[in-house]
Structure formats: structure tokens, C-alpha cells
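To keep things clear, I will list the structure first and then write my remarks on it.
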Amino acid sequence: MALRQAGFRSLRAAGWLPQQLQQLRSFAVVSGDDSHDDFKPKYKQEPVAAEDVDAVIKQDIGSNKVFIYMKGSPDSPQCGFSNMACRILDAYNFQYGSRNVLADASIREGIKSFTGWPTIPQVFVRGEFIGGSDILMEMHKAGELATLAEELGGEAAKQQ
Amino acid sequence: MVTASDVEVKLKEKLDAADVTVIDTSGGCGASFDVAVVSDAFNGKMLIARHRLVHDALAELMPDIHALSIKRCWTKAQQAAATQQAAPAAAAAGTS
């Protein structure tokens, strides 16, 4: 944990910007300046061309067992619902990828039409859309996430 | 602006809901709601499909709603079971 935080600071200090929009769970959003995420301009990053949005989404959800489209990043969520979803995923130690829909208007709209789901966050498991934060909470209460964590843990162990 | 009763009317109308609870959590601007719905339209459906029914019912309002938290999608049987099971706790459940 300490390493992680020190890592962010040095990256930030060096003004290093990730080329990829996609962040793995273990990396915080890195902005080019020292300002808080809340104050940075909206849609600063290069927008994904509308026709590429579906391809980007398929790439995201295909290359990550668990993936979340959210507002902000897991380390600095910018919405209570997104925060809740991340904290639930963290509670089960899921390794998950994420994409900040606030960084890109075409992704923000594209994900809604991709799933036919009007709200953010949106969570995918093994490429399949499972729902938003309310559903994640219900799955947690019903013990379904514990089962899922075991399954995914087992799959990861097999691959090694 | 969307009001809690707009949401309630739509849910009752489109889902033939037996019981609807809508709470405006926006603090007055009408953009954020918590909803709980009891309807036999949910019979035999997974939670995600139930949520989709709620979204569909509110499709006309969704452009003006920023946040929609769906707290419950129960069938009538589920509601009956819950009230029976939690009869002494019913008052407490009302406050949660």
C-alpha cells in the first residue's frame, strides 16, 4: 500500500501521463498537474472516435475478468455509486480493470447504448454485463459474490 | 423537473405495480431517486431483468433523471414472505 502511494506521488511529480486510458486496479489516476481530479477540465483526454467505442469496450471487457465503467477511478471515485461498487469489489479482492467515463463523452454514452443500461457504474464479469451498483450490493448480500470470488480465484490459480 | 409522483405513476402504470415507494434523494432538483417496486411483472425474472423493466418503465423520464437507485424489485409473493417473516421487525424496516 505504501509503495503504491509513493508510486503515485513520484509519477505525479514527474508529470508522467499514462498513454492508455485503461487503468488496472493497482494504479491511480495520474493527472499531469497537482490539482485535484475534481478541478481538472472535463474530457481532457483524446476522445475515442464514435465508431471505435464498441471495439474499445469489447477490448476492455474481453481482456479483464472483472471490469467496471465508472465515474472517476477506483482510487478517487467521483460518484457515490461508483465508489460503492469499487469498495464492494475491493472487499472480495477482485482484480479488476476500470475506465473513467467522465474522461470521455463517447465512452460515457457508448457504454450506455452497448448495454442498454442508463446508469453508471456498470460492471462486467467474464465479458458479461452483470449490472450496476444496486445489483452488486444485492449480489454481495446474497453471497453470490463470494461464490464468484472463489470461481475467479480458482481460474487464476489454474492459469499459473 | 421530475417529481417522485411522476416516477410513481409511471411505475404503477407500466409495471402494473402493486406497491411502489419512491424517495426523492436529490434534495429538491428532482434528478435523483430511490425506488422500491412490488410487481408480478417480475415473476420468474433475474434481478438484472427486473432492473431493466424498471429502467424501461422510466425510459421517458430517464433523460432528466441523473441517479436512480433501485432498492427492491419484489414480486407480490416475495413481499408477502418478507412481511410475514419480519412482522415484528416491520416497523424497524420502515425506518431503514
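The values are calculated or read from the model by the stated rules, or taken from the named source; none is laboratory data. Keep in mind that this is a model prediction, so the values were computed, not measured. For accessibility, only protein heavy atoms count, side chains too; no ligands or nucleic acids. Shrake-Rupley method; radii C 1.70, N 1.55, O 1.52, S 1.80 Å.
With every protein chain left in place and a probe of 1.4 Å, what is the accessible surface of A:Glu150, to the nearest 10 Å²?
140 Å²
In the structure displayed, which of A:Lys141/B:Lys14; A:Lys58/B:Lys71; A:Lys141/B:Lys10; A:Lys71/B:Lys71; A:Lys71/B:Lys14 lie more than 23 Å apart, Cα to Cα?
On the way: A:Lys141/B:Lys14 28 Å; A:Lys58/B:Lys71 29 Å; A:Lys141/B:Lys10 29 Å; A:Lys71/B:Lys71 21 Å; A:Lys71/B:Lys14 30 Å.
Distance filter (> 23 Å) returns A:Lys141/B:Lys14; A:Lys58/B:Lys71; A:Lys141/B:Lys10; A:Lys71/B:Lys14.
Out of all DSSP beta bridges with both ends in segment B:4-81, state the antiparallel percent to the nearest 5.
Details: 6 of 13 bridges.
Antiparallel bridges make up about 45 percent of those DSSP assigns within segment B:4-81.
Calculate the length of the line joining the C-alpha centroid of segment A:68-104 to that of segment B:55-78, in whole Å.
22 Å
Sort largest first and round to whole Å: the equivalent ellipsoid semi-axes of segment A:116-160, each the square root of five times a Cα gyration tensor eigenvalue. Don't skip to the end; give the middle numbers.
Working: eigenvalues 103, 39, 7 Å².
Equivalent ellipsoid semi-axes, largest first: 23, 14, 6 Å.
State, in square angstrom and to the nearest 100, the accessible area buried between chains A and B, both chains counted, probe radius 1.4 Å. Could the numbers behind the result be given before it?
Values: alone 9190 and 5790 Å², together 13920 Å².
Heavy-atom accessible area buried at this interface is about 1100 Å².
Mind checking which aspartates and glutamates have their C-alpha under 15 Å from B:Lys76, skipping anything on the same chain fewer than 8 residues away?
B:Asp16, B:Asp19, B:Asp40
Ignoring everything but the protein chains, give the 1.4 Å probe accessible area of A:Cys79 in square angstrom, nearest 10.
The accessible area of A:Cys79 comes to roughly 30 Å².
At 1.4 Å probe size, with no ligands or nucleic acids counted, give the accessible surface of A:Ile61 in Å², nearest ten.
That residue has around 10 Å² of solvent-accessible surface.
Any idea of the accessible area per residue across segment B:4-81, 1.4 Å probe, to the nearest Å²? It would help to have the intermediate numbers written out before the result.
On the way: 3800 Å² over 78 residues.
It amounts to 49 Å² per residue over segment B:4-81.
In a Debye calculation with equal point scatterers on the alpha-carbon sites of segment B:4-81 and no solvent, what is log10 I(q)/I(0) at q = 0.12, 0.21 Å⁻¹?
Reported log10 I(q)/I(0), two decimals: -0.29, -0.87.
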